[in-house]
1. Tell me, which residue of the stretch 127-149 that is closer than 17 Å to N175 by Cα and either β-branched (V, I, T) or not in a strand (DSSP E or B) (or both) is farthest from the chain's Cα centre (by Cα)?
2. Conditions: (1) among the aromatic types (F, W, Y); (2) closer than 20 Å to F60 by Cβ; (3) surrounded by fewer than 24 Cβ atoms within 10 Å (Cβ to Cβ). Y177 meets all but one. Number of the miss?
3. Specify the residue that is nearest to Y304 (Cα to Cα); the eligible residues are those in the stretch 353-381 that are in contact (Cβ under 8 Å) with a residue 60 or more places away in the chain and either of a type in the set (F, W, Y) or assigned to a loop (DSSP other than H, G, I, E, B) (or both).
4. Give me a count of the residues in the stretch 265-308 that are surrounded by fewer than 24 Cβ atoms within 10 Å (Cβ to Cβ), of a type in the set (A, V, I, L, M) and touching a His at 6+ places or on another chain (Cβ under 8 Å).
5. Restricting the search to the stretch 322-350, which residues are among the hydrophobic types (A, V, I, L, M, F, W, C) and surrounded by 15 or more Cβ atoms within 10 Å (Cβ to Cβ)?
6. If only one of I104, I75, I96, I82 is touching a Phe, Trp or Tyr at 6+ places or on another chain (Cβ under 6 Å), among the aliphatic types (A, V, I, L, M) and modelled with pLDDT of 95 or more, which one is it?
Amino acid sequence: MKRLILLLLLVPCIAYSQTNVSGDQSGTWISSNSPYRVTGHVTVPVGQTLNIEAGVEVNFQGHYKFNVLGDLQAIGTRDSMIVLTTDTPATGWGGIRVDTSDIIKLSFCRIEHGFATGEYPDLHGGAMALMSSNATVENCIFADNETDTNGMGGAIYAINTTTTSFTNCTFIRNNCYGEGGAIKFSADNDTQITNCEFIQNHCNYGGGAVSCYSAYGTTMRGCTFADNYTMYSNGGAIHTLGFGNTLYVVNCTITGNTAVTGDGGAVSLSYADAYFVNTIACDNPGMYSDNVQVGMGSTGEVYYSNMPMPDGATGHHNINADPEFVDAANYDFSLSETSPCIDAGVASLDAGGITLIDLDPSQYNGAAPDIGALEYLGIFADGFESGNTTAWTTTSP
């Protein structure tokens, strides 16, 4: 009986183990002290590092910011993700605010219900704002983040960054008042977005998923854009604007996006250059032009892709046909066995002195790469919201 009473007394202690944090933070947040309840603004000071272990939950108890002036490394695993969230999604939390940091590494993190509000720069980037800082982000999920009036970048706002990368990430149901429902890039260089999914993001003023302003060299490779929209401007999925802007879209699938009252249901270019290779852009309505719009002061080159040829664009070896997705209504954009996109892409291509794609035969199945984000393997693929778009469970037909 004494042993039973002791166990009953211990259970509440175990169930409610938690750590309250606020103010300056460095060192390591360990899983055994999780959840970490943020009870005030948190700051990683200049010259210091905060490491967050796999399995840690960070729960913001109010609209508090996670300021990073030093370095942040949050490394989870597929089976033990790090979660940044709040119990009050209606008001959200202040997001990760990074300023002039050297090392930002996020892996297997779920960041949700961030809400950017206030004065610049706090009104941009619902989940994370990168100010003159680089970040390496892999296998992460950004869900249900947003900005207040005039804010840009529902999930991510990045300005004056170089070599920032997002790989195997999912951006879902993020929204902003201004530009870039999921991501807003401004004056950034050499940004790499690889094998990412952008689903059901939206904004008011350009780039339902991604907006690039004077971004010099943004590459999107193996990405899927579906059911994103912009309400009052251009680019249902992607909007790029500004002299010197160059966009590379390689082996992407862009479908079901909308520019409700604007141009370019998929992609809109304004004073920008874009190259499309092995890419599907279909069923993306806009009020004035569907799919890809090559606007004023812009050039577009399209190669080995499946899309209606945009007015003003050049290119060759393109088709305009039903891609025959397995189940687009349920976001399975795998190619069916009769798809015209199978083996219709190109493995190696240079244009304008730039190598747009250079694949080894081991990197694709069949005689040539397929058009689109998902290579046909002769099996059905069932996707799931995992933060890793290459994570597919397979079953026999």
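1. Going residue by residue through the stretch 127-149, those that are closer than 17 Å to N175 by Cα are 127-129, 141-149.
In the following step, the residues that additionally are either β-branched (V, I, T) or not in a strand (DSSP E or B) (or both) were identified as 127, 141, 144-145, 147-149.
Working: A127: 11, I141: 8, D144: 12, N145: 12, T147: 16, D148: 20, T149: 21 Å.
Here the residue is T149.
2. Condition not satisfied by Y177: (2).
3. Of all residues in the stretch 353-381, those in contact (Cβ under 8 Å) with a residue 60 or more places away in the chain come to 354, 356-357, 369-374.
Then drop every residue that is not either of a type in the set (F, W, Y) or assigned to a loop (DSSP other than H, G, I, E, B) (or both), which leaves 369-374.
Details: P369: 10, D370: 9, I371: 7, G372: 10, A373: 13, L374: 15 Å.
This residue is I371.
4. Adding up the residues that qualify gives 0.
5. In the first step, residues of the stretch 322-350 are kept if they are among the hydrophobic types (A, V, I, L, M, F, W, C); the result is 325-326, 328-329, 333, 335, 341-342, 344, 346-347, 349.
Within the stretch 322-350, F325, V326, A328, F333, L335, C341, I342, A344, V346, A347, L349 meet the criteria.
6. Values: I104 fails: touching a Phe, Trp or Tyr at 6+ places or on another chain (Cβ under 6 Å); I75 fails: touching a Phe, Trp or Tyr at 6+ places or on another chain (Cβ under 6 Å); I82 fails: touching a Phe, Trp or Tyr at 6+ places or on another chain (Cβ under 6 Å).
The conditions single out I96.
The values are calculated or read from the model by the stated rules, or taken from the named source; none is laboratory data. Quick caveat: nothing in here was measured; it's all calculated off a predicted structure. FYI the Cβ positions are ideal-geometry reconstructions off the backbone, even for glycines, and counts take in every protein chain you see.
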